[in-house]
1. Does Ser138 satisfy the condition of being surrounded by 10 or more Cβ atoms within 10 Å (Cβ to Cβ), out of contact with any Leu (no Cβ under 8 Å at 6 or more places or on another chain) and of a type in the set (Ser, Thr, Tyr)?
2. With (1) open to solvent by 100 Å² or more (accessible area, probe 1.4 Å); (2) assigned to a loop (DSSP other than H, G, I, E, B); (3) at pLDDT 80 or above as the list, and Lys95 as the residue in question, which single condition is left unmet?
3. Which condition number in (1) open to solvent by less than 40 Å² (accessible area, probe 1.4 Å); (2) in a loop (DSSP other than H, G, I, E, B); (3) not acidic (Asp, Glu) is the one that Leu131 fails?
4. Please find, within the range 129-147, the residue that is farthest from Asn188 (Cα to Cα) out of those that are of a type in the set (A, V, I, L, M, F, W, C) and touching a Lys or Arg at 6+ places or on another chain (Cβ under 7 Å).
5. Applying the selection to the range 63-90, what residues are at pLDDT 85 or above and among the polar types (S, T, N, Q)?
6. Does Leu81 satisfy the criteria of being in a helix (DSSP H, G or I) and within 21 Å of Val174 (Cβ to Cβ)?
7. Looking at this structure, is Gln156 modelled with pLDDT under 95, of a type in the set (S, T, N, Q) and not in a loop (DSSP other than H, G, I, E, B)?
8. Can you work out which of the residues in the range 143-181 that are open to solvent by less than 40 Å² (accessible area, probe 1.4 Å), touching a residue at least 40 places away in the same chain (Cβ under 8 Å) and closer than 17 Å to Lys119 by Cα is farthest from the chain's Cα centre (by Cα)?
Amino acid sequence: TAGEPEGDSVYVEFGDAHCIPGEEARFAEALHRHLMSSQWDEFVLPRMNQSPALDAIRNAFRDCTAIVEPMPSRFLDLDELRNPDIAFEETLSRKLRQQVRQSMRIYEEEGELSLEVAKSVPEAHAFLEELADLHEASWKARGLERGAFGSEAFRQFHRNLIEAMFEASGVQLVKIKAGQITIGAIYNLV
């Protein structure tokens, strides 16, 4: 999808075909005509959003064998989190609040919980590498070959982005530690 070999490609998420609203069917039919006029074995649309464009593509290619592998998409209502009258903990279910407190007690056995924000480009790079290692370990623990940071091109893109945007506060890297052990990291594009 990104035009790179699978092992070097960036991770595609929330993909969609971009066309004029209302013209999805015409777009999909034109795509179908184009592909049917050439030699091809496989047409792959990874990690696509459910959308009118995807529906139109499925319809246009209805005579072809399709393999659809749905993946869950997580949603977070940020409006609720932005409400200053509601504490963050109150936005969580009772069970999740309980699990968070339990996890905190377990992590505190390793040492005090702390939050560190990268203060320089070199520190941001170090945080990114830790985040990437945690990300890859998480994917491998789930039996998957690799995550987004398994691609050196993807990692280099983000190193370059940090170089270009850190001083302008365009990126933020934060890690959460239990004693000396990093237990989580967050990479924000501001």
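The values are calculated or read from the model by the stated rules, or taken from the named source; none is laboratory data. Given the structure is predicted, the values throughout are model-derived calculations rather than measurements. A quick note on method: Cβ atoms are made from the backbone with ideal geometry, for glycine too, and the neighbour counts reach across all protein chains shown. These area figures cover heavy atoms from the full protein model, side chains too; ligands, DNA and RNA do not enter into them. Shrake-Rupley method; radii C 1.70, N 1.55, O 1.52, S 1.80 Å.
1. Numbers: surrounded by 10 or more Cβ atoms within 10 Å (Cβ to Cβ): yes; out of contact with any Leu (no Cβ under 8 Å at 6 or more places or on another chain): yes; of a type in the set (Ser, Thr, Tyr): yes.
Considered against the rule, which asks whether it is surrounded by 10 or more Cβ atoms within 10 Å (Cβ to Cβ), out of contact with any Leu (no Cβ under 8 Å at 6 or more places or on another chain) and of a type in the set (Ser, Thr, Tyr), Ser138 comes out as yes.
2. (2) is the only condition that Lys95 fails.
3. Single failed check for Leu131: (2).
4. Going residue by residue through the range 129-147, those that are of a type in the set (A, V, I, L, M, F, W, C) are 131-132, 134, 137, 139, 141, 144.
Those still in the list that are touching a Lys or Arg at 6+ places or on another chain (Cβ under 7 Å) too: 132, 139.
Values: Ala132: 14, Trp139: 20 Å.
Per the stated criteria, the residue is Trp139.
5. The answer is Thr65, Asn83.
6. On the way: in a helix (DSSP H, G or I): yes; within 21 Å of Val174 (Cβ to Cβ): yes.
Yes; evaluated as a whole, the condition is true for this residue.
7. On the way: modelled with pLDDT under 95: yes; of a type in the set (S, T, N, Q): yes; not in a loop (DSSP other than H, G, I, E, B): yes.
So Gln156 fits the description; yes.
8. Once the filter is applied, the top-ranked residue is Lys177.
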